[in-house]
Each structure stands twice: as C-alpha cells, then as structure tokens.
Amino acid sequence: MARLSASEIAQYRAEGYVIPQFRLPPDRVTQMREALDALIRDNPGVRPEKLVSAHIEGDNGEGVRGSRSFLDLAKDPEIVELVSGVIGEDVILWGCHVFCKPPSEGFETPWHQDGHYWPIRPLANCTVWVALEESTVENGCLRVIPRSHIGEVLHPHLHEDRTDLTLNQRMAEGAFDEADAVDLELQPGQMSLHDVYMIHGAKANTSTKRRTGVALRYMPATSVFERDLRPSDGKTGVAVNFGQRPLWLLKGVDRSGRNDFEIGHRHGAAAT
C-alpha cells in the first residue's frame, strides 16, 4: 500500500504541497485518458477546463455528464492512503474536477485559494492533482506559492468578468510575490497534493500539447460539509450545487457526526 514517507509529510506541512514518490501505473493512466476522452465527447457544450463533479455518473446536476471511472480513481485505496497521511485517518471524498487545457487555447487559472469557494467548516481539505498527460511549464502546469498556507489566512479575491479564465476570481494584489512561485511539473501518472489555504494557479496553455489533470478533493471527517453555505455566491464561473453534492466516507468514521452521506446519491444508495 502506498504511503507518504515521513519526509513527504514534513514537506507538505512546511511548504503546503508535495509531489509523492507514488504514481499511477501506465495501464491505469491509459485507462483514465480513454475515460477523459469519453468525458469530453459526452460534454460537447462544456469547456474542458470546467468539467466539475466528473466523478458523478450521468447527469450530475451541475451541467456535466460524469463518468464512474473518475469516481473509481478518487476511491483508489492507495490515493486515499496518501491523503490520510496529511489529513488523518477519517477521509471524506466530496469533489472531483477535470481540468483539460486544449493546445494553443487552454484557459488560464488565476492565482487563488480554494478555501474561498468551499462550504467546509472548519476549513480543511487536501487536493490531489493527478496528471493524465505531461504537465509542464510549456503547457500551463500547476503553480504554487510555497508556505502560503501558513497561518491559515484567506486573502481578498476580486471578481473578473472574463470568458478566458477557468475561474472568475483572482487574488487581490499585495498578498504574495509571484517571484516565489514553484512550477509543479508532472509526468503522466504523477500527482501533487496541496493544502486548502495554498495560493495556486496556472498559466494559459499556448503550446501544441494538451494539458490534463484531475483534481480530487478530500476533507477530514472532523469537518462538516455545510450545504446551506454559498461562500463564493455564484461568481466563480463554474456551476456548482453544493446542496445536492454527494459525499463518500472512504476511510474511518464521521468524527463530526453531522455529515450527510445520503444526499445526492441516486436510488438512496449508501455512500460506499
């Protein structure tokens, strides 16, 4: 079973991110790329950078027809084990967002902090960003500001009414120095983990190579997915429906005792 090493956990704590040694085997990467191509075909009216809740099969109620393959990836025991190394033994899956930047016209992701947008209280989350294809500086890889999670501070964000962004909110100037940015270049099957307070973004893809990643979202079961909260007030440019978003308890128990694992699951199926 894959596990984060002590040094990898220490880096995550100190820097806010880590690229673990573990990576998906090549056959799994191939399978997921095929699932990605099918997902794009099934959603011709959706920008490929905005395939939100791709893990919810069929019409997910958020404007996307999702695929079971992405749920299976999010529930992969080895990935869940990596996550538990930084958020604890009680792990809840609550989100999955596929970011596919087409060559030459892939949208920019402005500098931001995820914590502004999510109804998790107390705010805590680990995102696993899985590369299905090469992700480099050239094609707009994920970029982070090391140590920007320290102090658990959410900085002001500004709304931008533009059509060429994956997200219509951007960090206000003065909160960080872009010169400190680290490019998280990944080969297919590699992944990075980052904290919910981490300042991160990605440049537009102006290269001839597609850039594809799957962001898997996990919260500790000591926190609550507060469905009545609307923290970003619909201004992100990505349609979400947190009120009906299904949760899966993948490891341990619901320490909060307040998370609902029935909402959003079809036919009343338990969240397993």
> How many residues does region 8-54 hold that are of a type in the set (A, V, I, L, M) and part of a loop (DSSP other than H, G, I, E, B)?
Replying inline: 4
> With region 191-272 as the region, which strands (runs of 3 or more DSSP E) entirely inside it contain at least 3 residues that are at pLDDT below 95?
Replying inline: 199-202, 211-220
>> Based on this model, can you work out whether Arg147 counts as among the basic types (Lys, Arg), in a strand (DSSP E or B) and touching a residue at least 40 places away in the same chain (Cβ under 8 Å)?
In response: no
>> Among the numbered criteria (1) out of contact with any Gly (no Cβ under 6 Å at 6 or more places or on another chain); (2) in a helix (DSSP H, G or I), which one does Gly61 miss?
In response: (2)
> Across region 118-152, what is the number of residues that are closer than 18 Å to Val224 by Cβ, crowded, with 21+ Cβ neighbours inside 10 Å and not aliphatic (A, V, I, L, M)?
Replying inline: 3
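The values are calculated or read from the model by the stated rules, or taken from the named source; none is laboratory data. Small disclaimer: the values here were computed from a predicted structure and weren't measured. When we count neighbours, we look across all protein chains shown, and the Cβ atoms used for this are built from the backbone with ideal geometry, even at glycine.
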